[in-house]
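The values are calculated or read from the model by the stated rules, or taken from the named source; none is laboratory data. Computed from a predicted model, the values in this text were never measured in an experiment. Every residue, glycine among them, receives a Cβ derived from its backbone with ideal geometry; neighbour counts consider all protein chains shown. In case anyone asks, the SASA skips ligands and DNA or RNA and just uses the protein heavy atoms, side chains included. Shrake-Rupley method; radii C 1.70, N 1.55, O 1.52, S 1.80 Å.
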Amino acid sequence: SNDAAGEEGNVETAATDSAKKEEEEEGNDDEKEEDSPPDAEDANATSGNEGQDEDAIDAEEKEEEDGNEGEEEWELKKILSVGEISAKNLMCSAPSCPNVACSVYQSTHDTNCTNAYFSCLDCQQSDYGGWPEDKSEIPMAFMTKQHRETIRQHCTRNPANAIFPDLPTSRNGEEEEKSDGEDAGEGEEKWDLIEVIAVKDLKKKKPKKCQEEGCTSAACSVWASNLAPDDEWYGCIDCMENYYEGWPSSDEMPVKHLTEEHHALLAEKCSERENPPMPDLPTTMPLLATAGGNDAAN
């Protein structure tokens with residue numbers, strides 16, 4: 001009987017141990033389920049969403065950086081002179097446009113001006129919205145009637161409706177010009193050429209510059225107003241042509257001759273054109289002036 005009791009005790013002990021083992025295993029399984037990582041699909045989905053968020057942030061940051069750099073804008077850098085337009089060498093850059101260019105535009109992203117765009121009056125209107133409304137953005141102070149008529153003749157296919165910048169037609173304002181049907185009043189302003197820059201001054205390391213804003217040429221002449229003689233203006237050949245219709249006639253010139261050296265220096269330093277116009281003067285001093293010792297030009 002003792003043997004039987006011992007066997008029953010062993011069976012009960014074994015059963016108890018087995019039950020405890022099962023409970024421990026179940027507990028371990030629960031812990032594993034709680035600590036186990038998500039399924040591969042869930043992990044990929046989460047990772048993908050995080051990647052998209054990072055891409056979106058990067059894109060937003062790039063847009064902000066681009067915005068800080070500024071969008072590309074095209075600025076009016078130059079209005080071509082009467083002579084440049086009349087020469088018909090600079091055509092509009094627009095494909096298939098037959099017009100002569102009247103203006104030059106530069107991109108704000110092109111600081112070295114390697115890709116300047118030459119535009120006629122028509123393409124300027126369609127591509128850039130016409131002339132700048134802000135006068136400070138127009139690279140000249142006034143536009144003469146001759147300049148306007150030259151643009152009308154060569155730079156548009158619709159001359160009857162040509163649009164010009166909101167500028168006066170004379171240096172000190174349109175109201176100072178002669179009105180239609182009226183004689184010039186006593187107070188009408190007139191600008192006269194009072195000096196042609198001498199050879200020795202043109203040869204200087206830093207000759208006097210043209211006073212027109214944005215112009216880099218050396219001045220070739222000095223002009224003065226009859227209403228304010230001390231109000232002098234230094235101009236190059238190109239800007240002088242825009243504002244005063246070029247060189248005056250020989251009898252209005254302050255010199256009676258210009259030497260070949262003088263001609264060469266004026267062409268080299270005072271114009272952006274290859275063959276700029278020169279005054280109608282002899283290259284040697286007239287005999288009477290020689291006798292009087294009057295070398296006015298040099």
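Looking only at segment 242-277, count every residue that is among the β-branched types (V, I, T) and either without any contact (Cβ under 8 Å) to a residue 40 or more places away in the chain or surrounded by 18 or more Cβ atoms within 10 Å (Cβ to Cβ) (or both) and tell me the total.
1
Here are some residues: I151, I163. Which one is assigned to a loop (DSSP other than H, G, I, E, B) and modelled with pLDDT under 95?
I163
Is it the case that L121 is touching a residue at least 40 places away in the same chain (Cβ under 8 Å) and either more than 22 Å from T169 (Cβ to Cβ) or surrounded by 15 or more Cβ atoms within 10 Å (Cβ to Cβ) (or both)?
yes
Filter segment 218-241 down to residues that are touching a Gly at 6+ places or on another chain (Cβ under 9 Å) and within 21 Å of H263 (Cβ to Cβ), then give me how many there are.
Residues meeting the conditions: 9.
Tell me yes or no: at least one residue of segment 48-64 is modelled with pLDDT under 90, among the charged types (D, E, K, R), assigned to a loop (DSSP other than H, G, I, E, B) and open to solvent by 50 Å² or more (accessible area, probe 1.4 Å).
No: segment 48-64 contains no residue that is modelled with pLDDT under 90, among the charged types (D, E, K, R), assigned to a loop (DSSP other than H, G, I, E, B) and open to solvent by 50 Å² or more (accessible area, probe 1.4 Å).
With the checklist (1) within 26 Å of the chain's Cα centre (by Cα); (2) part of a loop (DSSP other than H, G, I, E, B); (3) loosely packed, with under 13 Cβ neighbours inside 10 Å in hand, flag the one item D280 doesn't pass.
It is condition (1) that D280 fails.
Which of the residues that make up segment 78-92 are open to solvent by 50 Å² or more (accessible area, probe 1.4 Å) and either within 17 Å of W131 (Cα to Cα) or free of Cβ contacts under 8 Å to residues at least 24 places away in the same chain (or both)?
K78, N89, listed by residue number.
Kindly establish whether D251 is among the charged types (D, E, K, R) and in a strand (DSSP E or B).
The answer is no for D251.
Going through D295, D230 one at a time, which residue ends up being part of a loop (DSSP other than H, G, I, E, B), at pLDDT below 85 and closer than 27 Å to P168 by Cα?
D230
Does segment 202-241 hold any residues that are more than 18 Å from M143 (Cα to Cα), of a type outside the set (A, V, I, L, M) and surrounded by 13 or more Cβ atoms within 10 Å (Cβ to Cβ), and which are they?
The answer is P207, K208, K209, S217, C220, S221, D231, E232.
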